[in-house]
Every structure is written in structure tokens, then in C-alpha cells.
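Data block below; observations after.
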Amino acid sequence: METQNKERAEELLELINKGRYFTKLKPEPKETNSFTIPLKVSSYNELNLMVSDLLKASIILLNPDAQSLSGFTKNNKVNVMTLLEIALQLLPEDEMELLDDLCKFQQEALL
């Protein structure tokens with residue numbers, strides 16, 4: 001049983017090492033357990049709009065009355081498309097491929 005577990009562990013490591021997985025999070029060189037995530041923007045203006053929409057959505061969700069406050073902002077409409085674009089960029093596609101491979105690996109182990 002121990003030999004079989006060792007072989008399965010080696011197969012699992014081989015599976016992980018042969019693919020290009022765990023690519024979304026980039027480790028911070030001077031910090032442990034700290035990562036960065038690349039977020040593509042075309043300009044400072046786009047970055048500003050993204051952050052603004054995130055803040056507006058958060059304020060509105062935390063305080064539904066915020067939409068009616070006159071001092072909230074001159075334009076309190078949230079561009080939901082911007083929020084969806086951010087979410088798409090943050091999805092770990094390569095890691096999802098690994099999960100598919102791990103699922104197949106487990107199914108094979110059960111046979």
C-alpha cells in the first residue's frame with residue numbers, strides 16, 4: 001500500500017511539473033506568502049475608472065442610500081462592464097486546467 005501511495009504521489013508531481021500551472025500569482029521576492037496579480041490596463045485613465053467603479057460599487061452595496069446623497073459623486077453610475085473585465089483578468093485559467101487534470105488523476109485512481 002505504501003509503495004502504491006508513493007507511486008501515485010510521484011505521478012501527481014510529474015503531472016504538476018509537466019504543465020505550466022500556478023502562473024496567475026507572481027511571488028513577491030522580499031515577502032513570504034505574498035503575491036501580485038497582473039492586471040492589464042491601457043492607460044492611467046482606465047486604471048482610474050476601474051478603481052472608481054470598484055469604490056462606487058462598494059459604497060452602493062454597503063449603503064443603498066448612497067445613490068441619493070448629493071455629495072456622493074457627480075457621477076455615481078457604476079460601469080459593471082469594468083468590474084466584469086477585472087474579474088475575468090483575475091480568473092486563474094492555468095490553475096483550472098490543473099484542477100481538470102487532478103480530477104482525471106483521481107478518477108483513474110478510483111478505477
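Nothing in this text is a laboratory measurement; each read-out follows from the coordinates by a stated rule. All of these numbers come straight from a predicted model, not from anything done at the bench. Please note: Cβ atoms are built from the backbone with ideal geometry, for glycine as well, and neighbour counts cover all protein chains shown.
Simple spin-label estimate for Leu99 and Ser58 gives 2.5 nm between the two label positions (7 Å along the Cα-to-Cβ direction from each Cα). Mean sequence separation of contacting Cα pairs (under 8 Å, at least six apart), scaled by the length of the chain, corresponds to a relative contact order of 35 percent. Packing order of peptides 31-40, 6-15, 48-57, highest average first: 48-57, 6-15, 31-40 (average count of other Cβ atoms within 10 Å over each peptide's residues).
Bridging of Lys24 to lysines at a Cα separation below 24 Å is possible for Lys40, Lys104, once same-chain residues fewer than 8 apart are set aside.
Give me the number: length gained by fully extending Arg20 to Asp65, i.e. 0.36 nm times residue separation minus the C-alpha to C-alpha distance, one decimal in nm. Please report the intermediate quantities before stating the final value.
Numbers: separation 45, 0.36 × 45 = 16.20 nm, distance 4.68 nm.
Contour length minus Cα-Cα distance gives 11.5 nm.
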